[in-house]
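This report refers to the structure that appears directly beneath it.
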Amino acid sequence: MNNSFRLTVIRGIPVEIHLSWLLIFFLFSLTLAQGYFPTVVANQTSTVYWTAGIVTTLVLFASVILHELGHSLVAIREGIPIKRITLFIFGGVAQMEAEPTNPTTELKVTAAGPLTSIVIALLLGAIYYLALVPGLIISESIFFVARLNLIMALFNLIPAFPLDGGRIFRSIVWLFGRNMLKATKIAVGLGTVLSFLSMGLGFLLIFVPGNLWGLWLIFLGWMINQAGQSSYSQLVFKETFTGIKVAELMSTNLVTISPDDTLEMLAESFLHHKFGAFPVVYGSTTHGLVSLQNMKAYPREKWPTTKVSRILTPLKETMVIEPSSDAAEVMLKMAAQNTGRALVMQNGNLVGLLSRTDMMRFMQMHMVLREE
Ligand SMILES: [Zn+2]
(Lines give C-alpha, C1' and ligand atoms only; values in the text may rest on other atoms or scores of the structure.)
Protein backbone atom coordinates (compact mmCIF):
# COMPACT_ATOMS: atom_id res chain seq x y z
CA MET A 1 0.00 0.00 0.00
CA ASN A 2 1.27 3.49 -0.80
CA ASN A 3 1.69 6.22 1.81
CA SER A 4 2.79 3.68 4.38
CA PHE A 5 5.83 3.60 6.60
CA ARG A 6 7.43 0.59 8.19
CA LEU A 7 7.01 0.24 11.92
CA THR A 8 8.79 -3.02 12.64
CA VAL A 9 9.36 -6.56 11.43
CA ILE A 10 7.84 -9.44 13.41
CA ARG A 11 8.91 -12.99 12.55
CA GLY A 12 10.03 -11.79 9.13
CA ILE A 13 6.73 -10.01 8.42
CA PRO A 14 7.03 -6.25 7.82
CA VAL A 15 4.44 -4.29 9.82
CA GLU A 16 3.50 -1.04 8.10
CA ILE A 17 1.34 1.88 9.05
CA HIS A 18 -0.73 3.75 6.51
CA LEU A 19 -0.89 7.52 6.91
CA SER A 20 -4.69 7.40 7.30
CA TRP A 21 -4.07 5.54 10.54
CA LEU A 22 -2.60 8.71 12.11
CA LEU A 23 -6.01 10.38 11.82
CA ILE A 24 -7.68 7.51 13.66
CA PHE A 25 -4.89 7.54 16.23
CA PHE A 26 -5.62 11.19 16.93
CA LEU A 27 -9.43 10.78 16.98
CA PHE A 28 -9.24 7.79 19.31
CA SER A 29 -6.82 9.47 21.72
CA LEU A 30 -9.00 12.59 21.74
CA THR A 31 -12.23 10.68 22.34
CA LEU A 32 -10.66 8.68 25.15
CA ALA A 33 -8.90 11.63 26.81
CA GLN A 34 -11.80 14.08 26.57
CA GLY A 35 -14.83 11.83 26.53
CA TYR A 36 -14.33 8.38 27.97
CA PHE A 37 -11.81 8.63 30.82
CA PRO A 38 -13.26 11.77 32.49
CA THR A 39 -16.64 9.98 32.78
CA VAL A 40 -15.27 6.74 34.31
CA VAL A 41 -12.44 8.18 36.46
CA ALA A 42 -13.14 11.56 38.04
CA ASN A 43 -10.80 14.35 39.20
CA GLN A 44 -7.64 13.76 37.22
CA THR A 45 -5.46 16.36 35.50
CA SER A 46 -5.74 16.65 31.73
CA THR A 47 -2.14 15.33 31.45
CA VAL A 48 -3.27 12.11 33.11
CA TYR A 49 -6.34 11.85 30.82
CA TRP A 50 -4.26 12.47 27.70
CA THR A 51 -1.54 10.01 28.73
CA ALA A 52 -4.19 7.38 29.41
CA GLY A 53 -5.87 8.19 26.08
CA ILE A 54 -2.69 7.87 24.06
CA VAL A 55 -1.40 4.77 25.84
CA THR A 56 -4.79 3.05 25.53
CA THR A 57 -4.92 3.87 21.81
CA LEU A 58 -1.44 2.40 21.34
CA VAL A 59 -2.48 -0.77 23.17
CA LEU A 60 -5.58 -0.97 20.94
CA PHE A 61 -3.41 -0.83 17.87
CA ALA A 62 -1.15 -3.47 19.31
CA SER A 63 -4.32 -5.60 19.56
CA VAL A 64 -5.04 -5.00 15.88
CA ILE A 65 -1.50 -6.13 15.05
CA LEU A 66 -2.01 -9.24 17.20
CA HIS A 67 -5.26 -10.00 15.35
CA GLU A 68 -3.43 -9.78 12.02
CA LEU A 69 -0.50 -11.77 13.42
CA GLY A 70 -3.03 -14.45 14.36
CA HIS A 71 -4.03 -14.74 10.69
CA SER A 72 -0.40 -14.46 9.52
CA LEU A 73 1.24 -17.06 11.74
CA VAL A 74 -1.39 -19.67 10.91
CA ALA A 75 -1.07 -18.80 7.21
CA ILE A 76 2.71 -19.26 7.35
CA ARG A 77 2.27 -22.58 9.12
CA GLU A 78 -0.10 -23.61 6.31
CA GLY A 79 2.53 -22.70 3.75
CA ILE A 80 1.20 -19.29 2.67
CA PRO A 81 3.85 -16.55 3.01
CA ILE A 82 2.72 -13.11 4.24
CA LYS A 83 3.87 -10.08 2.28
CA ARG A 84 3.15 -7.53 4.98
CA ILE A 85 0.74 -6.40 7.67
CA THR A 86 -0.63 -2.91 7.15
CA LEU A 87 -2.55 -0.87 9.69
CA PHE A 88 -4.89 1.67 8.16
CA ILE A 89 -7.95 3.69 9.00
CA PHE A 90 -10.33 0.72 9.45
CA GLY A 91 -7.97 -1.59 11.27
CA GLY A 92 -5.49 -3.93 9.73
CA VAL A 93 -4.90 -6.22 6.84
CA ALA A 94 -2.45 -9.11 6.46
CA GLN A 95 -1.51 -9.43 2.80
CA MET A 96 -1.01 -13.03 1.79
CA GLU A 97 1.27 -13.98 -1.10
CA ALA A 98 -1.40 -16.38 -2.35
CA GLU A 99 -5.00 -17.27 -1.58
CA PRO A 100 -5.60 -20.51 0.35
CA THR A 101 -6.02 -23.38 -2.07
CA ASN A 102 -8.37 -25.44 0.06
CA PRO A 103 -11.29 -24.62 2.38
CA THR A 104 -9.78 -26.08 5.56
CA THR A 105 -6.71 -23.85 5.25
CA GLU A 106 -8.87 -20.80 4.65
CA LEU A 107 -11.05 -21.68 7.64
CA LYS A 108 -8.01 -22.02 9.95
CA VAL A 109 -6.26 -18.89 8.69
CA THR A 110 -9.41 -16.78 8.90
CA ALA A 111 -10.64 -18.01 12.26
CA ALA A 112 -7.24 -17.33 13.85
CA GLY A 113 -7.77 -13.54 13.73
CA PRO A 114 -11.08 -13.23 15.61
CA LEU A 115 -9.96 -16.02 17.96
CA THR A 116 -6.87 -13.99 18.90
CA SER A 117 -9.07 -10.97 19.62
CA ILE A 118 -11.44 -13.06 21.75
CA VAL A 119 -8.53 -14.52 23.74
CA ILE A 120 -7.14 -11.01 24.39
CA ALA A 121 -10.62 -9.84 25.46
CA LEU A 122 -11.09 -12.77 27.85
CA LEU A 123 -7.60 -12.43 29.28
CA LEU A 124 -7.81 -8.69 29.93
CA GLY A 125 -11.42 -9.06 31.15
CA ALA A 126 -10.33 -11.69 33.64
CA ILE A 127 -7.45 -9.52 34.86
CA TYR A 128 -9.86 -6.60 35.32
CA TYR A 129 -12.44 -8.58 37.30
CA LEU A 130 -10.03 -10.70 39.33
CA ALA A 131 -6.98 -8.53 39.99
CA LEU A 132 -7.70 -4.85 39.46
CA VAL A 133 -9.47 -2.17 41.45
CA PRO A 134 -12.28 -0.61 39.37
CA GLY A 135 -12.17 3.18 39.11
CA LEU A 136 -8.40 3.42 38.71
CA ILE A 137 -7.38 4.84 35.36
CA ILE A 138 -5.17 1.83 34.50
CA SER A 139 -8.00 -0.60 35.33
CA GLU A 140 -10.48 1.29 33.15
CA SER A 141 -7.94 1.44 30.33
CA ILE A 142 -7.46 -2.34 30.42
CA PHE A 143 -11.22 -2.89 30.62
CA PHE A 144 -11.73 -0.64 27.60
CA VAL A 145 -9.15 -2.55 25.56
CA ALA A 146 -10.81 -5.84 26.58
CA ARG A 147 -14.22 -4.66 25.38
CA LEU A 148 -12.85 -3.24 22.14
CA ASN A 149 -11.15 -6.55 21.34
CA LEU A 150 -14.49 -8.28 21.84
CA ILE A 151 -16.20 -5.75 19.56
CA MET A 152 -13.43 -6.20 17.00
CA ALA A 153 -13.91 -9.98 17.04
CA LEU A 154 -17.70 -9.72 16.73
CA PHE A 155 -17.52 -7.11 13.99
CA ASN A 156 -15.07 -9.19 11.99
CA LEU A 157 -17.32 -12.21 12.38
CA ILE A 158 -20.21 -10.54 10.51
CA PRO A 159 -20.66 -12.94 7.57
CA ALA A 160 -20.13 -10.28 4.90
CA PHE A 161 -17.34 -11.20 2.49
CA PRO A 162 -14.48 -10.11 2.57
CA LEU A 163 -14.75 -9.64 6.37
CA ASP A 164 -13.41 -12.61 8.35
CA GLY A 165 -16.96 -13.87 8.98
CA GLY A 166 -17.66 -13.82 5.25
CA ARG A 167 -14.46 -15.75 4.57
CA ILE A 168 -15.38 -18.34 7.20
CA PHE A 169 -18.81 -18.62 5.60
CA ARG A 170 -17.18 -19.04 2.18
CA SER A 171 -14.82 -21.75 3.39
CA ILE A 172 -17.76 -23.71 4.83
CA VAL A 173 -19.76 -23.42 1.59
CA TRP A 174 -16.58 -24.32 -0.30
CA LEU A 175 -16.03 -27.33 1.95
CA PHE A 176 -19.47 -28.71 1.05
CA GLY A 177 -19.76 -27.54 -2.55
CA ARG A 178 -16.12 -28.16 -3.56
CA ASN A 179 -16.12 -25.15 -5.88
CA MET A 180 -14.31 -22.06 -4.68
CA LEU A 181 -15.71 -19.70 -7.29
CA LYS A 182 -19.29 -20.72 -6.60
CA ALA A 183 -18.69 -20.49 -2.84
CA THR A 184 -17.27 -16.99 -3.29
CA LYS A 185 -20.29 -16.00 -5.36
CA ILE A 186 -22.63 -17.17 -2.58
CA ALA A 187 -20.54 -15.45 0.12
CA VAL A 188 -20.41 -12.19 -1.84
CA GLY A 189 -24.19 -12.52 -2.36
CA LEU A 190 -24.79 -12.75 1.38
CA GLY A 191 -22.37 -9.86 1.94
CA THR A 192 -24.29 -7.78 -0.58
CA VAL A 193 -27.60 -8.48 1.18
CA LEU A 194 -26.07 -7.51 4.54
CA SER A 195 -24.49 -4.39 3.07
CA PHE A 196 -27.86 -3.25 1.70
CA LEU A 197 -29.51 -3.98 5.07
CA SER A 198 -26.82 -1.88 6.74
CA MET A 199 -27.30 0.97 4.28
CA GLY A 200 -31.10 0.73 4.54
CA LEU A 201 -31.00 0.83 8.33
CA GLY A 202 -28.55 3.73 8.07
CA PHE A 203 -30.98 5.72 5.90
CA LEU A 204 -33.79 5.07 8.40
CA LEU A 205 -31.59 6.18 11.29
CA ILE A 206 -30.59 9.50 9.77
CA PHE A 207 -34.24 10.55 10.10
CA VAL A 208 -33.96 10.09 13.87
CA PRO A 209 -32.89 13.56 15.04
CA GLY A 210 -29.36 13.74 16.35
CA ASN A 211 -28.49 10.18 15.41
CA LEU A 212 -25.24 10.06 13.47
CA TRP A 213 -24.88 6.26 13.55
CA GLY A 214 -26.92 6.16 10.37
CA LEU A 215 -24.08 7.74 8.40
CA TRP A 216 -21.63 5.14 9.70
CA LEU A 217 -23.96 2.30 8.75
CA ILE A 218 -24.40 3.68 5.23
CA PHE A 219 -20.65 4.11 4.88
CA LEU A 220 -19.92 0.66 6.28
CA GLY A 221 -22.50 -1.01 4.02
CA TRP A 222 -21.11 0.75 1.00
CA MET A 223 -17.51 -0.24 1.87
CA ILE A 224 -18.45 -3.90 2.34
CA ASN A 225 -20.38 -3.87 -0.91
CA GLN A 226 -17.47 -2.43 -2.88
CA ALA A 227 -14.89 -4.69 -1.27
CA GLY A 228 -17.03 -7.79 -1.91
CA GLN A 229 -17.61 -6.99 -5.58
CA SER A 230 -13.99 -6.16 -6.24
CA SER A 231 -12.58 -9.21 -4.50
CA TYR A 232 -14.98 -11.37 -6.48
CA SER A 233 -14.02 -9.92 -9.83
CA GLN A 234 -10.33 -10.08 -8.90
CA LEU A 235 -10.74 -13.75 -8.13
CA VAL A 236 -12.56 -14.49 -11.38
CA PHE A 237 -9.92 -12.53 -13.21
CA LYS A 238 -7.04 -14.43 -11.61
CA GLU A 239 -8.73 -17.80 -12.06
CA THR A 240 -9.33 -17.04 -15.72
CA PHE A 241 -6.04 -15.66 -16.87
CA THR A 242 -3.45 -17.52 -14.83
CA GLY A 243 -1.01 -19.15 -17.23
CA ILE A 244 -2.78 -17.86 -20.35
CA LYS A 245 -0.67 -16.20 -23.04
CA VAL A 246 -1.75 -13.44 -25.41
CA ALA A 247 -1.32 -15.83 -28.36
CA GLU A 248 -4.27 -17.88 -27.10
CA LEU A 249 -6.64 -14.92 -26.92
CA MET A 250 -5.69 -12.61 -29.79
CA SER A 251 -7.60 -12.49 -33.05
CA THR A 252 -5.48 -13.50 -36.00
CA ASN A 253 -7.99 -13.13 -38.83
CA LEU A 254 -6.86 -9.56 -39.29
CA VAL A 255 -8.43 -7.10 -41.64
CA THR A 256 -5.98 -4.26 -42.18
CA ILE A 257 -6.46 -0.80 -43.61
CA SER A 258 -4.03 1.13 -45.76
CA PRO A 259 -2.91 4.56 -44.55
CA ASP A 260 -3.83 5.88 -48.01
CA ASP A 261 -7.47 4.75 -47.79
CA THR A 262 -10.00 7.54 -47.41
CA LEU A 263 -12.29 7.82 -44.41
CA GLU A 264 -15.19 7.02 -46.75
CA MET A 265 -13.55 3.65 -47.47
CA LEU A 266 -12.80 3.19 -43.78
CA ALA A 267 -16.49 3.76 -42.95
CA GLU A 268 -17.39 1.02 -45.47
CA SER A 269 -14.95 -1.33 -43.75
CA PHE A 270 -16.44 -0.61 -40.31
CA LEU A 271 -19.93 -1.34 -41.62
CA HIS A 272 -18.86 -4.44 -43.51
CA HIS A 273 -16.61 -6.14 -40.92
CA LYS A 274 -18.24 -4.75 -37.76
CA PHE A 275 -14.90 -4.45 -35.94
CA GLY A 276 -14.28 -1.59 -33.55
CA ALA A 277 -10.79 -0.88 -34.90
CA PHE A 278 -8.37 -1.86 -37.63
CA PRO A 279 -4.58 -2.07 -37.71
CA VAL A 280 -3.21 0.32 -40.31
CA VAL A 281 -0.63 -1.48 -42.44
CA TYR A 282 1.20 -0.64 -45.64
CA GLY A 283 3.36 -3.36 -47.12
CA SER A 284 5.12 -4.89 -44.17
CA THR A 285 5.08 -1.68 -42.11
CA THR A 286 2.55 -1.27 -39.33
CA HIS A 287 1.59 2.38 -38.93
CA GLY A 288 -0.80 2.16 -36.02
CA LEU A 289 -4.43 1.60 -35.19
CA VAL A 290 -7.59 3.34 -36.35
CA SER A 291 -10.78 3.05 -34.32
CA LEU A 292 -14.34 4.29 -34.58
CA GLN A 293 -13.48 6.90 -31.96
CA ASN A 294 -10.72 8.32 -34.19
CA MET A 295 -13.27 8.60 -36.94
CA LYS A 296 -16.11 10.09 -34.91
CA ALA A 297 -13.93 13.08 -34.10
CA TYR A 298 -13.70 13.96 -37.79
CA PRO A 299 -16.47 15.88 -39.67
CA ARG A 300 -18.46 13.80 -42.13
CA GLU A 301 -18.17 16.10 -45.14
CA LYS A 302 -14.39 15.62 -45.10
CA TRP A 303 -14.55 11.80 -45.22
CA PRO A 304 -14.15 11.44 -49.01
CA THR A 305 -11.02 13.61 -49.12
CA THR A 306 -9.27 12.67 -45.89
CA LYS A 307 -6.82 9.80 -45.61
CA VAL A 308 -6.63 7.32 -42.75
CA SER A 309 -3.02 8.41 -42.10
CA ARG A 310 -4.42 11.77 -40.87
CA ILE A 311 -6.55 10.31 -38.09
CA LEU A 312 -4.84 7.07 -37.00
CA THR A 313 -3.27 6.53 -33.60
CA PRO A 314 0.43 6.11 -34.47
CA LEU A 315 2.30 2.98 -33.46
CA LYS A 316 4.32 4.71 -30.76
CA GLU A 317 1.06 5.77 -29.02
CA THR A 318 -0.52 2.33 -29.41
CA MET A 319 -0.08 -0.42 -26.89
CA VAL A 320 2.13 -3.08 -28.46
CA ILE A 321 2.48 -6.53 -26.88
CA GLU A 322 4.03 -9.87 -27.76
CA PRO A 323 2.24 -13.18 -28.35
CA SER A 324 4.16 -14.64 -25.40
CA SER A 325 3.05 -11.83 -23.01
CA ASP A 326 1.09 -12.83 -19.94
CA ALA A 327 -2.63 -12.20 -20.53
CA ALA A 328 -3.33 -11.13 -16.94
CA GLU A 329 -0.55 -8.54 -17.04
CA VAL A 330 -1.75 -7.19 -20.37
CA MET A 331 -5.28 -6.83 -19.03
CA LEU A 332 -4.03 -4.90 -16.00
CA LYS A 333 -1.92 -2.69 -18.25
CA MET A 334 -4.91 -2.01 -20.50
CA ALA A 335 -7.00 -1.01 -17.52
CA ALA A 336 -4.22 1.23 -16.19
CA GLN A 337 -3.73 2.96 -19.54
CA ASN A 338 -7.47 3.05 -20.14
CA THR A 339 -7.07 1.55 -23.58
CA GLY A 340 -9.30 -1.08 -25.17
CA ARG A 341 -6.93 -2.61 -27.72
CA ALA A 342 -3.35 -3.68 -28.26
CA LEU A 343 -1.42 -4.70 -31.37
CA VAL A 344 0.37 -8.02 -31.08
CA MET A 345 3.73 -7.88 -32.82
CA GLN A 346 6.65 -10.25 -33.15
CA ASN A 347 10.01 -9.15 -34.56
CA GLY A 348 8.40 -6.03 -36.01
CA ASN A 349 5.62 -7.95 -37.77
CA LEU A 350 1.97 -7.65 -36.92
CA VAL A 351 0.64 -11.05 -35.86
CA GLY A 352 -2.60 -10.25 -34.08
CA LEU A 353 -4.93 -7.87 -32.32
CA LEU A 354 -6.12 -8.17 -28.73
CA SER A 355 -9.12 -6.24 -27.46
CA ARG A 356 -10.51 -5.92 -23.98
CA THR A 357 -13.82 -7.19 -25.39
CA ASP A 358 -12.07 -10.41 -26.53
CA MET A 359 -10.73 -10.88 -23.03
CA MET A 360 -14.07 -10.17 -21.33
CA ARG A 361 -15.77 -12.64 -23.66
CA PHE A 362 -13.16 -15.25 -22.82
CA MET A 363 -13.67 -14.57 -19.11
CA GLN A 364 -17.46 -15.01 -19.39
CA MET A 365 -17.07 -18.19 -21.39
CA HIS A 366 -14.57 -19.53 -18.89
CA MET A 367 -16.95 -18.83 -15.99
CA VAL A 368 -19.92 -20.53 -17.65
CA LEU A 369 -17.86 -23.58 -18.59
CA ARG A 370 -16.32 -23.81 -15.12
CA GLU A 371 -19.70 -23.75 -13.41
CA GLU A 372 -21.09 -26.52 -15.60
ZN1 LIG B 1 -9.23 -10.58 10.62
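Available extension along the chain between LEU30 and PHE5 is 6.7 nm, counting 0.36 nm per residue and deducting the alpha carbon span. Amide H to amide H, with H built 1.01 Å from N, MET96 comes under 5 Å of LYS83, counting only residues 5 or more places away or on other chains.
For the listed residue pairs LYS83/LYS108; LYS83/LYS185; LYS83/LYS238; LYS238/LYS333; LYS307/LYS333; LYS182/LYS238, the alpha carbons are over 21 angstrom apart in LYS83/LYS185; LYS307/LYS333.
When all alpha carbon pairs of region 1-157 are counted in 5 Å bins from zero, the resulting P(r) reads 2, 9, 17, 18, 19, 15, 10, 6, 3, 1, 0, 0 %.
I'd like the antiparallel share, as a percent to the nearest 5, of DSSP beta bridges with both residues in the chain. Here the antiparallel bridges make up roughly 85 percent for the chain. Positive end of the dipole of the chain (Cβ unit charges, origin at the Cα centre): among GLY276, ILE151, LEU353, the Cα lying farthest that way belongs to ILE151. Length gained on full extension, LYS333 to MET265: 21.3 nm, using 0.36 nm per residue less the C-alpha separation. What the Kirkwood sum gives for the chain is a hydrodynamic radius of 25.0 Å, with every pair of different alpha carbons counted.
Looking at region 141-203, which trypsin sites (Lys or Arg not before Pro) are DSSP coil and have at most 11 other C-beta atoms within 10 Å of their C-beta? List each step's numbers first, then the result.
Details: sites: ARG147, ARG167, ARG170, ARG178, LYS182, LYS185; in loops: ARG178.
Here the trypsin sites (Lys or Arg not before Pro) that fit, given the DSSP loop and packing criteria, are ARG178.
The trypsin sites (Lys or Arg not before Pro) found in region 1-102 that occupy coil by DSSP, while having at most 16 further C-beta atoms within 10 Å, are ARG11.
Looking at region 246-371 alone, DSSP beta bridges between its own residues are antiparallel in about 85 percent of cases. The helix-based estimate of mean residue ellipticity at 222 nm for the chain, built from -39,500 (n - 2.57) per DSSP H run of four or more residues and divided by its residue count, is -19000 deg cm²/dmol to the nearest 500. Each of ASN253, THR57, SER291 was placed along the dipole of the chain (beta-carbon charges, centred on the mean Cα), and the one lying farthest toward the positive end is THR57. Taken along the Cα-to-beta-carbon direction at a fixed 7 Å, the label points for SER230 and MET367 span 1.8 nm.
Of all beta bridges DSSP finds with both residues in region 1-157, what is the antiparallel percent, to the nearest 5?
Values: 12 of 15 bridges.
Here the antiparallel bridges make up roughly 80 percent for region 1-157.
Which helices, counted as full DSSP H runs in the chain, have an axial Cα extent of no less than 18 Å and a Kyte-Doolittle average of 0.0 or above? Within the chain the helices that satisfy the rule are 46-77, 103-131, 137-156, 164-177, 180-205, 213-241. Per residue, the chain exposes 55 Å² of solvent-accessible protein surface, assessed with a 1.4 angstrom probe and all protein chains in place. Going by accessible surface with a 1.4 Å probe and the largest first, LEU343, LEU315, LEU215 read LEU215, LEU315, LEU343.
For region 215-276, applying the loop criterion from DSSP together with a ceiling of 16 other beta carbons within 10 Å to the trypsin sites (Lys or Arg not before Pro) yields LYS274. Partner aspartates and glutamates whose Cα lies under 19 Å from the Cα of LYS245, excluding those fewer than 8 positions away in the same chain, are identified as GLU322, ASP326, GLU329, ASP358.
Across region 246-259, coupling constants 3J(HN,Hα) worked out from phi with the 6.51/-1.76/1.60 Karplus curve, θ = phi - 60°, read 4, 3, 7, 10, 5, 8, 10, 7, 7, 10, 10, 10, 8, x Hz, and Gly and Pro carry x. Principal axis analysis of the Cα atoms in region 246-371 yields extents of 51, 32, 26 Å, listed in decreasing size.
The values are calculated or read from the model by the stated rules, or taken from the named source; none is laboratory data. Nothing here was measured: the structure is a model prediction, and the numbers come from that model. Backbone-built Cβ (ideal geometry, glycine too); neighbour counts: all protein chains shown. For accessibility, only protein heavy atoms count, side chains too; no ligands or nucleic acids. Shrake-Rupley method; radii C 1.70, N 1.55, O 1.52, S 1.80 Å.
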